[in-house]
Amino acid sequence: MNRVLLQVSTLTPLLFLFLIVVTNPLSAQSFPYEIELEPAFTIPGLDGIHSFAAGKSGGKWLLISGRRDGMHRGGGGQNNPPFPSSQDNTTIYVVDPVAMQSWSTSLSSLSVDLQNQLSSTNTSFYQDGDNLYIIGGYGADNNGNYQTYDAITAINVPSLINNIINGNSITGDFIQLIDNRMKIAGGQLGFIDGYFYLVGGMELTGIYTQMVNPIYSEEMRTFQIINNGTSLSIANYSATFDSEFHRRDYNLIGQVFPDTKFGYMVSSGVFTPSDGVFYNPIEIKASGYTVIPTSTFKQEFSHYQSAKLSMYDSAANEMHSIFFGGIAQYYLDANGNKIDDPDVPFVKTISRVTRDGNGAYSESVFSTQMPVYLGAGSELFLDESLPMAAHEIIDQNQLTGDTVFVGYIFGGLESGAGDIFPMNTANSSASNKIYKVNLIQTALPLDLLSFKATPSSTMDCKNASIKLQWKTANEFNVKEFYIERAKYGNFEKIDVIPVVGNSVQIQNYQYTDSKPIGGKVYYRLKIIDIDGSYKYSNIIVVQGCKPQSLEIVPNPTTGDVFITGQIDNINIKIFDQTGKQYQVNTQSVNDGLILNMRAFPAGIYFIYNGKDETYRIIKQ
């Protein structure tokens, strides 16, 4: 069987001070898997769709809503709408990927209200037990009026699957509630401790064009759904406003946080008020949410909803979130150079965001890509027999064998080119392809016996340096090492070191960073094979030169600031120019503290660390 083999780059920070040595070659990478995509296959009767809602039961999938055409057009007008109703998905599909069989039925037997919502696109959905809940969506109703739907629909998944397969009536498998608080498209729906979380999204009335400014919810809405089997109601509703929720079409991916609590990561999304993408994640727990500032981490290689995979390593207390293709502002070219494309094109990138036990984020990219420009608006259906650490989160430590089947990727937007904007019509379609996804356990292409960083004795950044040393054995078909450095989780290449060559002998390498970054610095090795594939070493962390005890970024700020450095037992106080003291509200994240200054008036402030040091910061 021909297969597409994807080598994963590994970059999870392991936080040590001053000196790190890795003595076990197998411990030189914390995510010991590559990803394998078997060649795509199709199933008769299963058409291509994207941006749909999905449920599953007994190894079968339920697919409903979404669209059958390609990327929406940027034009508009009554006779040329970007979302023509003729391409609405008005079919419900049941899929058995093992038997390679599908069944389907039309929405036409349902009420008009159900037909309208369940043929819309970009709904928010979540399956709780047997019930699939679908909220909102955007599309044209039966009278041709484009709108965002104010409905929530509950579907009995096992019953609907059975009725479709057997050709029975499906009308009894749906319950719908009209509620204006559910009027959202492009949001995501999660579930924590008995409460649903409807996060972000927008409300759009009328025909969408590139010049239309939709109303973003900028809210996280939490509530309970009371389902008695015949009717629905909403209880204990509340809404939290934050401009960071001004995003849509992002990934909401399950997480086990460092305190072992379950929650979600809001991953990227579009569009900022300045029409850009969001780089920073948001952590959501039952206790509240935390906005990760872009000054500490930027997610660069996935910016739109796509197939995704979530894995938790309880032994290392590390969380791995994998994103398949889709749309992103950044990608790597054939030479490994990072390309910044402001058009935010389709990409083939498969990337991974890792959060370690200290809450520090980092991002890596697989060396081999998706076989086509595919991923946006697709879904990954996990194998139901996998060991789970939490809802839809694979327990990495319970996986056995060298090859692990994890599930299937289906549907989504497939493009013939990366950048097809602004008109979007020439080269994209809804995919009907299915890819089987496997994890392949692997090791580095050499034995990395040790990897350490040693700072110079001076703390003066003008004269300081950091020496990197690593020791290898069994080097075969390895071309070179990239030395990569980061202030936080976003790495940049600073130099290239050639390998000695094919050898079983122990080889010693060293490199001196003569212009180190002040404060805590991260390093890793990108190990390049002669065939162009690559893998990453573990990350090492060193405390280099530091002119002051604290680092505070960004400065100026429009809201939060991130404080790192010597924060143990810190006693922060903040004053304005008149000497007025302000209440300090901090959260621990990403190996530092977030100081919330969003409600502070614009002006100059002074942060005192309790150690006879004062820092000046500007709030804009």
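The values are calculated or read from the model by the stated rules, or taken from the named source; none is laboratory data. The shown structure was predicted, so the numbers you read here are calculated from the model rather than taken from an experiment. With ideal geometry, Cβ positions are generated from the backbone for all residues, glycine too; neighbour counts draw on all protein chains shown. Remember, those area values only see protein heavy atoms, side chains included, never the ligands or the DNA or RNA. Shrake-Rupley method; radii C 1.70, N 1.55, O 1.52, S 1.80 Å.
Compute the FRET efficiency between Met100 and Asn596 as 1/(1 + (r/R0)^6), taking r as their Cβ-Cβ distance and R0 = 35 Å, and round to the nearest 0.05. After rounding, the FRET efficiency stands at 0.10. Relative contact order of the chain, taken over Cα pairs closer than 8 Å and 6 or more residues apart, is 14 percent.
Label separation (Ser465 vs Lys573): 4.3 nm, computed from points 7 Å beyond Cα along the C-beta direction. Cross-link list Lys298/Lys611; Lys298/Lys471; Lys56/Lys348: which exceed 29 angstrom alpha carbon to alpha carbon? Check vs 29 Å cut-off fails for Lys298/Lys611; Lys298/Lys471.
Segment Ser588..Ser287, full-extension length gain: 107.0 nm, with 0.36 nm per residue of separation and the alpha-carbon distance subtracted. Between Asp341 and Ser86, residue separation times 0.36 nm minus the direct Cα-Cα distance comes to 88.6 nm. When a/c is below 1.5 the answer is rounded, else prolate if a/b is larger than b/c, else oblate, so apply that to the stretch 276-323 with a ≥ b ≥ c taken from the square roots of the Cα gyration tensor eigenvalues. Oblate, since a/c reaches 1.5 and b/c is not below a/b. Note on Thr272/Asp402: beta-carbon distance plugged into 1/(1 + (r/R0)^6) with R0 of 51 Å gives a FRET efficiency of 0.75.
Dipole magnitude for the stretch 268-387: about 100 debye, using +1 per Lys or Arg Cβ and -1 per Asp or Glu Cβ, origin at the Cα centre. Whole-Hz Karplus values for the stretch 116-131 come out as 4, 5, 7, 10, 7, 10, 6, 6, 9, 8, 7, 9, 10, x, 7, 9 Hz, taken residue by residue from phi with 6.51 cos²θ - 1.76 cosθ + 1.60 and θ = phi - 60°; glycine and proline positions read x. For Lys462, which aspartates and glutamates qualify as cross-link partners when the Cα separation must be under 18 Å and same-chain residues fewer than eight apart are set aside? Filter leaves Asp513, Glu551.
The long axis of helix 157-166 is offset from the longest Cα principal axis of the chain by roughly 50 degrees.
Positive end of the dipole of the chain (Cβ unit charges, origin at the Cα centre): among Val353, Asn508, Tyr373, the Cα lying farthest that way belongs to Asn508.
The charge dipole of the stretch 61-194, taken about its Cα centre with unit charges on the Cβ atoms of Lys, Arg (+1), Asp and Glu (-1) only, comes to about 400 debye.
A simple spin-label model places pseudo-atoms 7 Å from Cα toward Cβ; at Gln510 and Val372 they are separated by 5.3 nm.
Among the trypsin sites (Lys or Arg not before Pro) in the stretch 549-620, those located in a DSSP loop and surrounded by at most 13 other Cβ atoms within 10 Å of their own Cβ are Lys580, Lys611.
Residues in the chain average 39 Å² of solvent-accessible surface per residue, probe 1.4 Å, ligands and nucleic acids excluded. Expressed as a whole percentage, what fraction of the accessible surface of the stretch 181-277 belongs to carbon and sulfur atoms when a 1.4 Å probe is rolled over the protein heavy atoms? It is 49 percent, rounded to a whole number. Shape class for the stretch 206-255, computed from the alpha carbon gyration tensor (a ≥ b ≥ c): prolate, with a/c not under 1.5 and a/b above b/c. Only protein atoms count toward the accessible area here, which uses a 1.4 Å probe; on the stretch 34-139, the carbon and sulfur part of that area reaches 44 percent.
Going Cα to Cα from Lys436, which lysines come in below 16 Å? Please leave out same-chain ones fewer than 8 positions away. Candidates past the 8-residue exclusion: Lys60, Lys308. Please tell me which of these pairs span more than 31 angstrom C-alpha to C-alpha: Lys479/Lys515; Lys285/Lys433; Lys285/Lys580? Pairs exceeding the cut-off: Lys285/Lys433; Lys285/Lys580. Just going by the charge dipole of the chain, with Lys and Arg at +1 and Asp and Glu at -1 on Cβ, which of Tyr330, Ser109, Gln255 is farthest out on the positive end? Working it through, the farthest residue towards the positive pole turns out to be Tyr330.
Computed from backbone phi, the HN-Hα couplings of the stretch 561-576 come to 10, 10, 10, 9, x, 8, 9, 5, 6, 6, 10, 7, 10, 9, 10, 9 Hz, rounded to whole numbers (Karplus: 6.51 cos²θ - 1.76 cosθ + 1.60, θ = phi - 60°; Gly and Pro given as x). The value of relative contact order for the stretch 528-620, using C-alpha pairs under 8 Å at least six residues apart, is 27 percent. As a length-normalised measure over Cα pairs under 8 Å and 6 or more apart, the relative contact order of the stretch 358-411 settles at 41 percent. Within the accessible area of the stretch 463-620, the carbon and sulfur atoms contribute 44%, probe 1.4 Å, all protein chains present.
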